[in-house]
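Asker: I have a structure I would like to understand better, so I am pasting it below and will then ask my questions one at a time.
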Amino acid sequence: MAHTLSPGIDVSTLTPAQRDGVACAVCADERGQMTPVGILEGGQLFAHPSCIAGGITEDCILVIGDVTTPDALDETTAFASDVADRLRIPARIAFDIDHDVRQYEGAVVLDSYLDSVASVVLATEARGADMFCIDVQELFTHPIDDTCGHCLAEGAKPYLVGDTWTTSVCDGCVAVTLAGTAEGAPLAA
């Protein structure tokens, strides 16, 4: 019988749960949103979008907004700090269209995304990828958490390292958390 499957699925290693469409056909995890990836012996197979994309390689949230002018870049950069603070995961700023949105834990779409062709494309891809993707209004339902992710002290803040904001870290733990970098590196444009 012919099989129509997405690349990366090894039919010979599928468990009964994977064959029944209960577990991801790639990683065998039964949790999380999955999309149809093929039919095997009359049964529908499902997989996480990130597994089909080769697995999540970026342990951060992608922040999608306009970065085409200095003012827009400043606004998007400041907002990405809020994303890291509220979601408790590092936040990377999307500077161009060369991002595979499926390689991130999720995406936050700023209101300014309509002001740039690259951000419109990335936002459309993120919304269509069946992944964690929220708008600014939904992000603000999450409270700011200023607890240090390393020692749990209050009053911590994110640091900008390259194009990524860290989760909140206190001044005493910056050197440990950022591998000796006491100050955030300048933003790479």
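Asker: Keeping every protein chain present and rolling a 1.4 Å probe, give me the accessible area per residue for the range 82-185 in Å². Kindly include the intermediate steps, with their values, before the conclusion.
Answerer: Values: 5040 Å² over 104 residues.
Heavy-atom accessible area per residue stands at 48 Å².
Asker: Let me ask something else about it. Between Asp10 and Gln137, what is the spin-label point distance in nm, taking each point 7 Å from the Cα along the Cα→C-beta axis?
Answerer: The two pseudo-label positions are separated by 4.6 nm.
Asker: Over the range 19-171, what relative contact order in percent results from Cα pairs under 8 Å that are six or more residues apart? Walk me through the numbers on the way to the answer.
Answerer: Working: 305 pairs, mean separation 33.1, N = 153.
Across the range 19-171, relative contact order equals 22 percent.
Asker: Report, in cubic angstrom per residue, the convex hull volume of the C-alpha atoms of the range 67-106.
Answerer: Numbers: hull volume 2.3 nm³, N = 40.
Per-residue hull volume (Cα only) is 57 Å³.
Asker: Ranked from highest to lowest mean number of other Cβ atoms within 10 Å per residue, what is the order of the peptides 71-79, 164-172, 116-124?
Answerer: On the way: 71-79: 16.1, 164-172: 21.1, 116-124: 19.1.
Peptide ranking by packing, descending: 164-172, 116-124, 71-79.
The values are calculated or read from the model by the stated rules, or taken from the named source; none is laboratory data. Owing to the predicted nature of the structure, the values given are computational and were not obtained by experimental measurement. Don't worry about glycine lacking a Cβ; one is built from the backbone with ideal geometry, like all the others, and counts go over all protein chains shown. Only protein heavy atoms, including side chains, enter the accessible area calculation; ligands, DNA and RNA are left aside. Shrake-Rupley method; radii C 1.70, N 1.55, O 1.52, S 1.80 Å.
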